[in-house]
Amino acid sequence: MIVTYGEALVDMIEMPDGRFGAALGGAVCNFTLATARQGLEVTYLNPLSVDSFGHGFARLLGQADVRLGSPARSARPTSLAIVTLDENKSPSYAFHRQGVADRDITPAQARAALPAGTRLFHTGGLALVPEDLDATLEIVATAAKAGALISIDANMRPLACGDLPAYAAGVRRALRHAHLIKVSEEDLAHLGLTAQPPLEAARTLLDLPQVELIALTLGADGAILLSRDATIALPAPSGIVVRDTVGCGDCFLAGLVAALAAQDSLSAAALADAGEETLRPALRRAIASASLNAMREGCNPPTANEVADFSDR
């Protein structure tokens with residue numbers, strides 16, 4: 001069982017003609033959907049809204065057989081993010097997150113909803129903003145005490161917080177609790193790790209007390225997996241026609257987790273022992289998952305069969 005905790009929000013994505021289209025998303029919810037489509041059993045802890053977007057999320061997650069850890073709906077509205085794309089199809093965000101459904105849960109409620117036998121607990125993104133961090137870390141501590149592998153995606157969104165130094169300090173605090181960390185080049189910059197090239201900056205995260213594996217995404221330059229004993233780098237596939245990169249990082253991490261699960265490596269001990277024979281195919285599946293999503297509009301994660309077909313081409 002994979003358990004996820006964090007935002008479910010609607011991306012209002014700018015279209016070429018200047019109009020905005022609504023896409024159900026949010027980093028943690030995207031990861032939830034992407035992991036379920038890769039064939040894993042997943043529970044999403046946060047409540048969904050009673051509004052029409054909340055009903056849409058319930059249908060979307062239900063179609064992927066995601067279990068809702070908070071089946072009672074919140075009377076609060078669904079979170080919104082206004083997404084604009086630059087000339088490279090990379091998104092920037094403006095958030096509307098006050099009094100919203102996915103934050104309508106207490107740490108005690110979330111802890112009580114944690115399923116028994118959780119193998120991996122994943123959080124990150126907007127669950128790490130300063131005002132939510134302590135609550136998130138309470139839930140992380142409970143999951144870790146129960147034996148879950150802790151996965152955290154920094155996935156920093158500075159526009160969601162007016163105090164970047166405080167936000168960065170909180171994310172660094174959260175990463176101290178993770179066994180598996182995903183960061184992008186942009187995350188490293190937001191964390192203040194700019195004195196070294198991205199690979200060396202990411203390698204410094206291996207000094208954190210719990211971490212066993214770092215996933216560093218490099219956009220068009222591919223990605224790297226780092227452990228204390230291995231460094232695996234792979235390029236992005238050639239010939240990809242990118243529609244946009246919304247949700248690519250979430251699909252990347254879902255592919256990585258699915259590959260590790262298939263190799264019975266979703267534990268801190270297994271990650272500590274993982275060598276190239278485990279990490280290289282896992283990275284290949286992660287990049288394939290992100291690449292397929294990049295060829296689609298918005299976040300539309302691939303299935304396990306689609307990833308397998310793409311990898312075999």
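The values are calculated or read from the model by the stated rules, or taken from the named source; none is laboratory data. Fair warning: this is a prediction, and the values are worked out from it, not measured in the lab. We place every Cβ from the backbone using ideal geometry, glycine too, and count neighbours over all the protein chains shown. These area figures cover heavy atoms from the full protein model, side chains too; ligands, DNA and RNA do not enter into them. Shrake-Rupley method; radii C 1.70, N 1.55, O 1.52, S 1.80 Å.
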Is at least one residue of the stretch 160-174 open to solvent by less than 20 Å² (accessible area, probe 1.4 Å), at pLDDT 95 or above and not in a helix (DSSP H, G or I)? no
Pairs returned, first residue in the stretch 205-217 that is farther than 24 Å from ILE287 by Cβ, second residue that is open to solvent by 10 Å² or more (accessible area, probe 1.4 Å) and at pLDDT 95 or above, beta-carbon separation under 7 angstrom, 6 or more apart or interchain, are LEU208/ARG176; PRO209/ARG176; GLN210/ARG176; GLN210/HIS177; GLN210/HIS179
The correct count of residues that are closer than 14 Å to GLU297 by Cβ and open to solvent by less than 10 Å² (accessible area, probe 1.4 Å) in the stretch 14-29 is 1
Of (1) open to solvent by 60 Å² or more (accessible area, probe 1.4 Å); (2) more than 18 Å from the chain's Cα centre (by Cα), SER265 fails just (1)
In the set SER267, SER289, the lone residue that is among the polar types (S, T, N, Q) and in contact with a strand residue (DSSP E or B) (Cβ under 9 Å, 6 or more places away or on another chain) is SER267
Counting only residues in the stretch 215-254 that are more than 25 Å from ASP11 (Cβ to Cβ), open to solvent by 10 Å² or more (accessible area, probe 1.4 Å) and of a type in the set (Val, Ile, Thr), the one farthest from the chain's Cα centre (by Cα) is identified as THR231
Condition set in a helix (DSSP H, G or I) and open to solvent by 30 Å² or more (accessible area, probe 1.4 Å), scope the stretch 194-214, selection farthest from GLY298 (Cα to Cα): answer is ASP207
Within the stretch 269-283, the residues that are within 20 Å of the chain's Cα centre (by Cα) and surrounded by 19 or more Cβ atoms within 10 Å (Cβ to Cβ) are LEU271, LEU279, ALA282, LEU283
Before we move on, is GLY62 in a loop (DSSP other than H, G, I, E, B), without any contact (Cβ under 8 Å) to a residue 40 or more places away in the chain and either over 19 Å from ARG97 (Cα atoms) or in contact with a Phe, Trp or Tyr (Cβ under 8 Å, 6 or more places away or on another chain) (or both)? no
Within the stretch 85-131, the residues that are open to solvent by less than 50 Å² (accessible area, probe 1.4 Å), assigned to a loop (DSSP other than H, G, I, E, B) and hydrophobic (A, V, I, L, M, F, W, C) are VAL100, ILE105, LEU114, VAL129
Pairs returned, first residue in the stretch 67-92 that is closer than 30 Å to GLY219 by Cα, second residue that is open to solvent by 70 Å² or more (accessible area, probe 1.4 Å) and of a type in the set (A, V, I, L, M), beta-carbon separation under 8 angstrom, 6 or more apart or interchain, are SER92/LEU159
Has the stretch 34-44 got any residue that is open to solvent by less than 20 Å² (accessible area, probe 1.4 Å), closer than 20 Å to LEU180 by Cβ and free of Cβ contacts under 8 Å to residues at least 40 places away in the same chain?
yes
Among the residues of the stretch 175-184, the number that are more than 11 Å from the chain's Cα centre (by Cα), basic (Lys, Arg) and surrounded by 22 or more Cβ atoms within 10 Å (Cβ to Cβ) is 0
Expected output for the stretch 14-31 (first residue within 22 Å of LEU128 (Cα to Cα), partner surrounded by fewer than 21 Cβ atoms within 10 Å (Cβ to Cβ) and modelled with pLDDT of 95 or more, Cβ below 6 Å, 6+ apart or cross-chain) is LEU24/GLY56; LEU24/LEU60
Checked against (1) modelled with pLDDT of 95 or more; (2) in contact with a strand residue (DSSP E or B) (Cβ under 8 Å, 6 or more places away or on another chain), ILE82 satisfies every condition except (1)
Picking from ALA141, ALA75, ALA113, the residue that is in contact with a Gly (Cβ under 9 Å, 6 or more places away or on another chain) and of a type in the set (A, V, I, L, M, F, W, C) would be ALA113
Log entry, pairs with first residue in the stretch 150-164 being more than 11 Å from ALA127 (Cα to Cα), second being buried (at least 24 other Cβ atoms within 10 Å of the Cβ) and of a type in the set (D, E, K, R), beta carbons closer than 8 Å, six or more apart or on different chains, reads SER151/LYS182
Residue set ASP250, ASP229, ASP264; condition out of contact with any Cys (no Cβ under 6 Å at 6 or more places or on another chain), in a loop (DSSP other than H, G, I, E, B) and within 25 Å of LEU188 (Cβ to Cβ); output residue ASP229
